[in-house]
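Take a look at the structure below.
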Amino acid sequence: MSVPPAGAPLLTSEQILNLLPHRYPFALVDRVIEYEPGKRAVALKNVTLNEPQFQGHFPGRPLMPGVLIVEAMAQVGGLIVTQMPELPKGLFVFAGIDGVRFRRPVVPGDQLRISCELLSLKRKRFGKVKAEVTVDGDLVCSGELMFSLVD
């Protein structure tokens, strides 16, 4: 596990709940270990067998659905913009994906390390982040995610 740089904010699960609207079973960020509001974030998601998706995906061979990996990436991307004072208050929602690729399965017991970097922000309403997920240093998923502000 990486130690955050000296002086960098560290966000606990309780603090994340104050920044993101997601709740169980869709809160997919457990902890933030590196954070530069408006620029980048690195977060952790601990994957456990008792999560509801594993009841049906797949019995006897549980795999984390790719859409949930992408959603976790989007939530970390959302954390990047939540503390930008120049942005209007409101709900930023997932608006698209480009070039997302899955490299290996994610199974219960894995810890996702989700890294996101803000690439662009247009008219204070539309943004794009570059995202990457690793497990034990191995690339699991990568791509670019778009978001937009809902009125």
In segment 31-41, residues that are under 11 Å from the mean Cα position of the chain (by Cα) and crowded, with 19+ Cβ neighbours inside 10 Å total 2
Taking segment 122-151 and keeping residues outside any loop (DSSP other than H, G, I, E, B) and either touching a Pro at 6+ places or on another chain (Cβ under 6 Å) or at pLDDT below 95 (or both) leaves K122, F126, G127, F147, S148, L149, V150
Restricted to segment 26-42 and to residues being within 8 Å of I80 (Cα to Cα) and small (G, A, S), the residue modelled with the lowest pLDDT is G38
When restricted to L63, L44, L112, the only residue under 22 Å from D136 (Cβ atoms) and part of a loop (DSSP other than H, G, I, E, B) is L63
With the first residue restricted to segment 114-134 and required to be within 30 Å of V47 (Cα to Cα), and the second required to be in a strand (DSSP E or B) and among the acidic types (D, E), Cβ contacts under 6 Å at 6 or more apart or on different chains are S115/E132; K128/E144; K130/E117; K130/E144
Given the conditions (1) touching a His at 6+ places or on another chain (Cβ under 7 Å); (2) farther than 20 Å from A95 by Cβ, every one holds for Q75 apart from (2)
Considering residues that are surrounded by fewer than 13 Cβ atoms within 10 Å (Cβ to Cβ) and either touching a helix residue (DSSP H, G or I) at 6+ places or on another chain (Cβ under 9 Å) or over 17 Å from V67 (Cβ atoms) (or both), the number found within segment 94-118 is 1
For segment 75-91, pairs from a residue that is surrounded by 16 or more Cβ atoms within 10 Å (Cβ to Cβ) to a residue that is part of a helix (DSSP H, G or I) and at pLDDT 85 or above, with Cβ under 9 Å and 6 or more apart or across chains, are Q75/I16; G78/L19; L79/I16; L79/L19; T82/L19
Meets criteria (at positive phi, under 15 Å from the mean Cα position of the chain (by Cα), surrounded by 12 or more Cβ atoms within 10 Å (Cβ to Cβ) and not basic (K, R)) for G66:
no
(message) Condition (residue is over 25 Å from Y24 (Cα atoms) and either among the aromatic types (F, W, Y) or in contact with a Leu (Cβ under 6 Å, 6 or more places away or on another chain) (or both)) applied to segment 99-115: is it met by at least one residue?
(response) yes
Report yes if F54 is over 20 Å from K130 (Cβ atoms), hydrophobic (A, V, I, L, M, F, W, C) and loosely packed, with under 14 Cβ neighbours inside 10 Å, otherwise no.
no
Screening V76, V32 for residues that are among the β-branched types (V, I, T) and either assigned to a loop (DSSP other than H, G, I, E, B) or touching a helix residue (DSSP H, G or I) at 6+ places or on another chain (Cβ under 8 Å) (or both) leaves only V32
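The values are calculated or read from the model by the stated rules, or taken from the named source; none is laboratory data. Remember, it's a predicted structure, so these values are computed and weren't measured experimentally. In this analysis, Cβ positions are derived from the backbone assuming ideal geometry, glycine residues included, and neighbour counts consider all displayed protein chains.
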